[in-house]
């Protein structure tokens, strides 16, 4: 490894009090083509549902990496309509939400494919009902 290809990376312990520094090749992370693991950019339209799009992209990519096969496509409309605005999820449909809490909701409630529950809020800017 040549010196100009090295970068310093700090890795912290779980309590973040100690750090070890590692020398890694700086070009290593740039060699991953993530387009194979994510779907193309989508348009959320007039609905503030970026949290549903982001959360689904993480779920779909993770499942694809773990299982291979066909890439899953989950419904953005399902969490927009059905993930509640109450504790512990606090997702508000087209008025915003949180992708981590969407993930937690999916774990509890399950996922629905985009074919089963297509995205419609982008045209109207309105949240539907579950």
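The values are calculated or read from the model by the stated rules, or taken from the named source; none is laboratory data. Model, not experiment: these values are computed from the prediction. Using ideal geometry, Cβ is built from the backbone for each residue, glycine included, and neighbour counts are taken over all protein chains shown.
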Subset of region 95-130 [in contact with a helix residue (DSSP H, G or I) (Cβ under 9 Å, 6 or more places away or on another chain), at pLDDT below 90 and in a loop (DSSP other than H, G, I, E, B)]: 127, 128, 129, 130
(1) more than 23 Å from residue 37 (Cβ to Cβ); (2) within 12 Å of the chain's Cα centre (by Cα) all hold for residue 62 apart from (1)
Working only within region 61-82, note down all residues that are over 21 Å from residue 94 (Cα atoms) and in a helix (DSSP H, G or I). 61, 62, 63, 64, 65, 66, 67
So which residues in region 71-98 are crowded, with 19+ Cβ neighbours inside 10 Å and within 10 Å of residue 56 (Cβ to Cβ), if there are any at all? 74, 75, 76, 78, 79
Could you tell me whether residue 90 is free of Cβ contacts under 8 Å to residues at least 40 places away in the same chain, within 22 Å of residue 122 (Cα to Cα) and not in a helix (DSSP H, G or I)? yes
